[in-house]
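Beneath this line is the structure, given in structure tokens, with notes to follow.
Each value in this text was obtained by applying a stated rule to the coordinates, not by laboratory testing. Predicted model, so just to flag it, every value in this text is computed and none were measured. Here the Cβ positions follow ideal geometry from the backbone for every residue, glycine too, while neighbour counts run over all protein chains shown.
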Amino acid sequence: MCLAVPHTLVEITGPNTAIGRAGTIEVEIRTDLIENASLGDRVLVHAGFAIERLQPEEASEIDALWEEIRALSGTVQHD
Amino acid sequence: MIDLPRERVLAAASALRSLVDRPLKFMEVCGTHTVSIYRSGLRALFPEGLSLISGPGCPVCVTAQEEIDSLLRLSERKDIIIATYGDMLRVPGSSTSLAEARAHGASVRVVLSAAEALQLARETPDREVVFAGVGFETTAPATAAVLLQASREKVRNFAVLNLHKTVPAVLEVLAADSELSLDGFLLPGHVSTILGLRPYGPLPEKYGLPCVVAGFEPDQIMAGITLLVLQKRRGISGVQSAYPEAVRPTGNRKAKRLLETVFEEADSIWRGLGQIPRSGLKFKAAFSAYDARVRFGISDLPAREPAGCRCGDVLAGRIQPFGCPLFANRCTPETPVGPCMVSSEGSCSAAYRYGRGDRL
């Protein structure tokens with residue numbers, strides 16, 4: 001139920017509406033819940049509403065975690 | 001550098017084998033996590049001692065029987081069209097379900113968003129449209145936005161049967177459950193998108209429990225579990241996010257403002273867990289005209305849960321789906337006895353569809 005799918009905003013159609021594209025599918029979505037929805041924004045859409053703008057620059061924190069995991073995985077002796 | 005999700009999952013599984021040296025029991029709180037974990041078979045990769053149990057993360061499942069019955073009573077009225085997310089359709093009430101009621105003539109429409117329900121009200125001015133407002137913090141802001149719009153546009157034939165529930169308070173109840181004896185929570189991704197991290201503060205602060213927000217892909221879930229185990233290993237507890245692209249520490253302020261405009265905190269009844277203080281939302285007085293319970297003069301009446309159904313125990317983490325005698329026996333997705341087998345996010349449905357080799 002809390003599934004949310006990333007969409008890219010390809011058209012702003014009103015103060016609280018936009019067209020979002022996911023893959024080849026375009027749907028009307030509501031943008032009431034995010035500030036200043038703009039063309040090209042990548043947003044998470046849940047139940048027809050954009051609930052957040054995705055922030056790709058934050059992913060570097062996770063890259064560091066994966067480096068740590070990789071280092072830890074190397075410490076295990078495999079059969 | 002590890003790039004492929006599959007390689008990441010396997011690396012995390014290997015890291016977990018080196019890290020887990022004592023029994024650890026975590027709970028995943030989100031139904032979407034539950035489905036992803038069963039579907040990807042992650043449990044099969046866990047080292048001995050590490051267990052992950054499902055919690056009350058399916059909104060339809062935790063909706064109390066008396067709330068389902070209220071919705072069904074409203075559907076009996078000829079002047080009302082029920083607008084609902086599809087997951088509610090087959091949930092058994094005390095005597096029937098919305099799907100059965102519809103087969104007997106009730107007007108029930110499936111909508112994909114609260115906005116569609118309001119649109120339906122505009123298109124059918126001679127009928128009352130009641131939207132079944134079910135869901136956690138991820139979904140409730142949409143209900144709030146649509147309610148404000150209905151109020152602004154003076155749509156008088158629209159009302160909401162408010163079934164919304166909120167997550168942090170129920171986690172405190174589970175954290176305090178000594179029989180359950182959890183070691184930490186894998187926190188829901190998209191509830192946290194709205195809430196941010198601060199509302200979970202009491203879980204580490206009062207109960208010493210590590211908490212990590214995770215995304216929904218198998219590698220994101222494994223990253224979250226690894227962070228939980230690392231907190232345990234290091235003897236620390238805090239709220240961390242392994243899903244920073246979607247979760248700001250402060251959450252979505254605009255969505256939270258909308259929630260605060262329309263709703264206030266309230267006690268709520270959860271299937272399997274009973275009444276929990278501050279675990280629900282009620283309309284502020286200014287919006288009571290849109291409250292279906294007020295407009296149609298109904299209140300939730302005591303209700304009986306289906307005989308033999310142990311959804312409540314599944315939701316509270318007391319048993320796993322396979323522990324229910326009805327599971328895959330009398331209760332299947334085709335003939336569901338309880339909501340956990342109905343909803344696509346219910347633990348029993350996920351276990352039935354994906355988890356047969358995964359008995360716990």
Long-range tail of P(r) for the range A:5-73 (Cα pairs > 20 Å, %): 37
Proximal charge balance of residue A:45 [Cβ under 10 Å; K/R count +1, D/E count -1]: 0
Residue-averaged beta-carbon neighbours from other chains (10 angstrom radius) around B:11-24: 4
Exposure proxy order (Cβ contacts within 10 Å, fewest to most) of B:288, B:75, B:192: B:288, B:75, B:192
Footprinting exposure proxy for B:264, B:245 (fewest neighbouring C-beta atoms within 10 Å first): B:264, B:245
Test item: B:235-247 mean partner chain Cβ contacts at 10 Å: 3
Karplus-derived 3J(HN,Hα), 6.51/-1.76/1.60, for each residue of the range B:53-61, Hz, glycine and proline x: 10, 8, x, x, x, 10, x, 5, 5
Alpha carbon centroid spacing (whole Å) that separates the range B:158-191 from the range A:4-64: 26
For the range B:32-90, the fraction of alpha-carbon pairs in successive 5 Å shells from zero, as %: 4, 13, 19, 17, 11, 9, 9, 8, 5, 3, 1, 0
Shielding score for B:137-145, defined as the mean number of other chain Cβ atoms within 10 Å: 5
Cα centroid separation - the range B:292-355 against the range B:64-96, whole Å: 15
Theoretical ellipticity at 222 nm over the protein assembly as shown - DSSP helices of four or more residues, -39500 (n - 2.57) apiece, nearest 500: -10000 deg cm²/dmol
Taking B:305, B:260, B:217 and counting other C-beta atoms within 10 Å, the order from fewest to most: B:260, B:217, B:305
HN-Hα J in Hz across the range B:204-212 - Karplus 6.51, -1.76, 1.60, θ = phi - 60°, x for Gly and Pro: x, 6, 8, 10, x, 9, x, 9, 9
Chain A: angle of helix A:59-73 to the longest principal axis, Cα-based, in degrees nearest 10: 20
Cut-off under 5 Å, modelled amide H: who pairs with residue B:64 long-range: B:271
For the range B:1-307, Kirkwood radius (reciprocal of mean inverse C-alpha pair distance, Å): 20.5
Amide H contacts under 5 Å for residue B:131, placed H, 5+ residues apart: B:83, B:159, B:160, B:161
Candidate lysines for bridging to residue B:232, where Cα separation is under 19 Å - those fewer than 8 sequence places away on the same chain excluded: B:25, B:206
